[in-house]
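Values quoted throughout were computed directly from the atomic coordinates according to the rules given, and no laboratory measurement underlies them. Keep in mind that what you see is a predicted model, and the values were worked out from it rather than measured. A quick note on method: Cβ atoms are made from the backbone with ideal geometry, for glycine too, and the neighbour counts reach across all protein chains shown.
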Amino acid sequence: MAPISVADIVASLPVEDTWGPATSTDNMLGGVPYAPFSKGDKLGRMADWTSENKDRDRTGRQGYNRNYRDQQVYGAGASSLFNIQAAEDESSFSVVDNTRSSTKRTFGRGGGTIFRGRAQRGGMGQRGGRAGFQRVGAGRGQAGDRYYDNRGGRGNRGRRFGWKDYDKPQRNRESSVNIRPEWTMLEEVDFSRLSKLNLEIPEGEDLDSYGFLYYYDRSYDKAPVKNAERRLQALDRAAYNVTTSQDPIIQDLAEKDEATVFASSDILSMLMCAPRSVYSWDIVITHHGNKIYFDKREGASIDLVTVNENAVDAPLETGDSGKAESINSPNQLAMEATFINHNFALQTVVENQNAKVEFNHANPFYNATEETEPLASKGYKYRRFDLSLEADEQPLNLIVRAEVDAVMKNPVTGDDQHLVLKALNEFDPKAQGSGGALDWRTKLASQRGAVVATEMKNNSSKLARWTTQAILAKADGMKLGFISRANPRSAAAHVVLGVVGYKPREFASQMNLNLGNGWGIVRTVVDRIRALDAEEDPNKISKYILVKDPNKPVIRLYSVPANAFEEDEEGAEEKEKEDEE
């Protein structure tokens, strides 16, 4: 046989069998389609020998090992070329299954897989996307669950912050006063700057006192008997809340040059607790000569008691829920809470003419010849505080009219103690805007601390104002009543569920209330007003208004004409006369 050369072997090979990579027409590598890839692709582990159930059975921090969250499913970034392409259209086919699935994915309480945030990737065992907190596991209280509970020790029931925020109505609240074009904005300060102010002042001194006080009914301190709740009564008593500049006692003190700044405790507490407020409010500031008066407008929102103002999910504004005027809207709740506070202070005292504490002078606002209603238990204290600094050439004093509601005997010493009576109200623990409050009827006796802590969170501004007023009045105690509706769907009848007593200073420390910050805010506003009117003309009257923005944590100072609100007051007086007729 003749020898075979290499050239003969090459010539006998097929033309299509060539060296090198496959051509574009041949994309099969051993029966597997070729998938394009990039050098930056992360393949992950070739094999994962750890079992998901094995890791899940571990307890504590080891339930998820340190590298578990970084693991990726092998093939997650594979090309779609590996997917099986259906030969026929299966959209017309459906499967009828009458059996209930035992494992279903739910959102909310009770387990399942809850994804929070957006852009989550993968399934169980993968980390979420941006802001993606997740809880994996179907059982409640499972040992290996990893979750984020923002409600402070209430078990494995995480709260979903940000869930469907895009679908919630925008809370565009209205301002407490209409900003007119002729007003000039002078200053705008955000709450973050106000919170950094601080001024420590000495204890105030009493100048004089007016009115009288009845003794507090101690039977309200006892837990109510089951099925025998006390009804809140509507009592007709004459009570007054006169603005600062119309107070005859303050007018006399101003003529005697006893102080430079004058205010009432309800107005001053609003300014001192401004960083906690959410709803809009306004304070009228009058600079007459060298005297500064903090006033309120006729029918201003500062007189109303807000409800759940600081709650995460506050009550919806009027019209947001699609109803004309719901009893659970902020305006209706404020009117209801104001009515409750007025009657609670009257009902919890023993009206005994022979057993009451008379102050130095009679009530300065009561006229026995014109009034037909009996006078309510109320004491007015006019107290002076020194706001001076070391750099001041002249002292800067402030006189405030503070109020107390009742008196009580000290069980140890037998001395009279002045009390401030306030009431918290519950409208419906299941309604929107309740702020996650507990049911007072079942939890007030057994979990009083949790109920009070929830109210501190939902009504931080209101409770801070009440505590500040009690400290300004140098009251010995505060009595907080817990009032609930007899029927959650009706605001007509209420019941007293219990009363809790606190010392004002201790209650202020519990809710992290810093009075030094409040005095710093007052001094800053006073300095700004004095700087605007550097020339102290005894006949010059300058008027300003301080307005809290309804939708932002900002206060603004406007310069207004001297007769800016006189027309509103005249209109309110004419409306009252028409109502009487």
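Loop-only trypsin sites (Lys or Arg not before Pro) in the stretch 349-452, please: DSSP not H, G, I, E or B, and at most 11 other Cβ atoms within 10 Å. Mind showing how you got there, number by number?
On the way: sites: 356, 378, 381, 383, 384, 401, 409, 422, 430, 441, 443, 448; in loops: 430.
The qualifying sites are 430.
Which entries of 296/474; 222/552; 381/552; 381/548 show an alpha-carbon separation above 32 angstrom in the structure shown?
Working: 296/474 23 Å; 222/552 42 Å; 381/552 35 Å; 381/548 28 Å.
In this structure, 222/552; 381/552 exceed 32 Å between Cα atoms.
Could you tell me the center-to-center distance, by alpha carbons, between the stretch 250-273 and the stretch 484-542 in angstrom?
Here the two parts' Cα centres lie 14 Å apart.
Order of 370, 182 from fewest to most other C-beta atoms within 10 Å?
Final ranking by Cβ density, sparse to dense: 370, 182.
Could you give the dipole magnitude of the stretch 184-580 about its Cα centre, charging the beta-carbon of Lys and Arg +1 and that of Asp and Glu -1, in debye to the nearest 20? Don't skip to the answer; put the middle values down first.
On the way: 45 positive and 64 negative charges, 475 e Å.
It comes to approximately 2280 debye.
Quick one: compute the contact order of the stretch 184-580, relative version, from alpha carbon pairs under 8 angstrom and 6+ residues apart, as a percent.
On the way: 759 pairs, mean separation 116.4, N = 397.
So the answer I get is 29 percent.
Based on other C-beta atoms within 10 Å, arrange 235, 438 from fewest to most.
Values: 235 14, 438 18.
Neighbour counts put them in this order, fewest first: 235, 438.
Divide the volume of the convex hull of the Cα atoms of the stretch 184-580 by its number of residues and quote the answer in cubic angstrom per residue.
Values: hull volume 65.7 nm³, N = 397.
Looking at the stretch 184-580, the number lands at 165 Å³ per residue.
Assuming 0.36 nm per residue, please report the length gained on full extension of the stretch residue 238 to residue 527 beyond their Cα-Cα distance.
Details: separation 289, 0.36 × 289 = 104.04 nm, distance 3.74 nm.
Full extension of this stretch gives 100.3 nm more.
Quick check on packing: order 209-221, 333-345 by the mean number of other C-beta atoms within 10 Å, highest mean leading.
On the way: 209-221: 18.2, 333-345: 20.5.
Taking the mean over residues of other Cβ atoms within 10 Å, the ranking is 333-345, 209-221.
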